[in-house]
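The values are calculated or read from the model by the stated rules, or taken from the named source; none is laboratory data. On a predicted model such as this, the values are computed, not experimentally measured, just so you know. Ideal geometry is used to build each Cβ from the backbone, glycine not excepted, and the neighbour counts take in all protein chains shown.
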């Protein structure tokens, strides 16, 4: 049918994992399409500075490194289409992809749709997002030089970002709903020793308040059953991340939080379905690990397609 597009491999998501998969797939000779419904480059595009990607010593922004990933994929012939994937079906080993514009048939799919921050879901959070509420200290910390900020959470990300914020802020409150942290011990020790950090235990945020920007938050202490007010200039929220796996979680095996489980080749439990990046069940979610996942997924998919090529006559 003329209105159906055909490719060897489709990659859903154009973050570091998806673009890396695009580089390896296209360079390996596969006809490659990459779908992205939002911003090409993913969450890394809003990162102020990337300083831990091997080989890049000088300062580079997340947007700049994302642009390099994009150019690299395009150089080898990958196609990037800004369409939203609405549904995925199977016809034997053939994969059917329905977007908001057309239908695609492909032999393999790499899911690289990433994850997003969990929200507190309290009054004022949405209103002040970008005006005092942030989910990325690396992105926005520099805006709070000599100001007072609150970090919500008690895991590794929350404590590490709180420590990072002390480079700019004059005071950092860490607000945690329990009476002990979940972060690894070495990170906890660094936070306890930092004189700019003050802990507020057994407490949750009730609301974020202000006029045009954040000015204060109301807190509820669960043990004391008491509400208090805390004046702050910014609120950084780290209460977990949610995988963007809704499109596929009913088809592939996921962990209890919805992250896709793969083998060492990034292959899911469904033949020809691969996953890469933040959507994968793993311990470290960084640009370098996403890029590695994407490379492995594309390489593995190429080999799998070669092994099963006789079964793809109908694509």
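Miscellaneous remarks
- Test: residue in segment 201-210 that is over 23 Å from the mean Cα position of the chain (by Cα), crowded, with 18+ Cβ neighbours inside 10 Å and free of Cβ contacts under 8 Å to residues at least 40 places away in the same chain: yes
- Selection within segment 88-141 - without any contact (Cβ under 8 Å) to a residue 12 or more places away in the chain and touching a strand residue (DSSP E or B) at 6+ places or on another chain (Cβ under 6 Å): 89, 96
- Matching residues in segment 41-60 - criterion: being in a helix (DSSP H, G or I) and in contact (Cβ under 8 Å) with a residue 40 or more places away in the chain: 42, 43, 44, 46
- Restricting segment 285-298 to residues that are in contact (Cβ under 8 Å) with a residue 60 or more places away in the chain and within 12 Å of the chain's Cα centre (by Cα), the residue that is surrounded by the most Cβ atoms within 10 Å (Cβ to Cβ): 290
- Qualifying position, being closer than 17 Å to residue 274 by Cβ and in a loop (DSSP other than H, G, I, E, B), among 21, 38, 26, 14: 14
- Complete set of residues in segment 217-240 that are in contact with a helix residue (DSSP H, G or I) (Cβ under 7 Å, 6 or more places away or on another chain) and either closer than 23 Å to residue 285 by Cα or in a strand (DSSP E or B) (or both): 234, 236, 238
- From the list 282, 303, the one residue that fits, being in the same structural domain as residue 42 (by TED's automatic domain parsing), in a loop (DSSP other than H, G, I, E, B) and free of Cβ contacts under 8 Å to residues at least 24 places away in the same chain, is 282.
Quick grid of which residues meet (1) in the same structural domain as residue 204 (by TED's automatic domain parsing); (2) within 24 Å of the chain's Cα centre (by Cα); (3) buried (at least 22 other Cβ atoms within 10 Å of the Cβ); (4) under 19 Å from residue 117 (Cβ atoms):
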position	(1), (2), (3), (4)
147	yes, no, no, no
163	yes, yes, no, yes
175	yes, yes, yes, yes
178	yes, no, no, no
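- Among the conditions (1) surrounded by fewer than 15 Cβ atoms within 10 Å (Cβ to Cβ); (2) not in a loop (DSSP other than H, G, I, E, B), residue 271 misses just one, which is (2).
- Of all residues making up segment 241-268, the number that are part of a loop (DSSP other than H, G, I, E, B), at pLDDT 95 or above and under 17 Å from residue 93 (Cα atoms): 2
- Taking segment 82-188 as the region of interest, the strands (runs of 3 or more DSSP E) fully inside it that hold 2 or more residues being over 27 Å from residue 17 (Cβ atoms) and out of contact with any helix residue (DSSP H, G or I) (no Cβ under 7 Å at 6 or more places or on another chain) are 148-152, 171-175.
- Residues that are modelled with pLDDT under 85 and closer than 12 Å to residue 114 by Cβ were ranked within segment 36-58; the one that is surrounded by the fewest Cβ atoms within 10 Å (Cβ to Cβ) is 45.
A quick yes/no check of all residues on (1) modelled with pLDDT of 95 or more; (2) in the same structural domain as residue 190 (by TED's automatic domain parsing):
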| position | (1), (2) |
| --- | --- |
| 60 | no, no |
| 63 | no, no |
| 75 | yes, no |
| 88 | yes, no |
| 140 | no, yes |
| 166 | yes, yes |
| 171 | yes, yes |
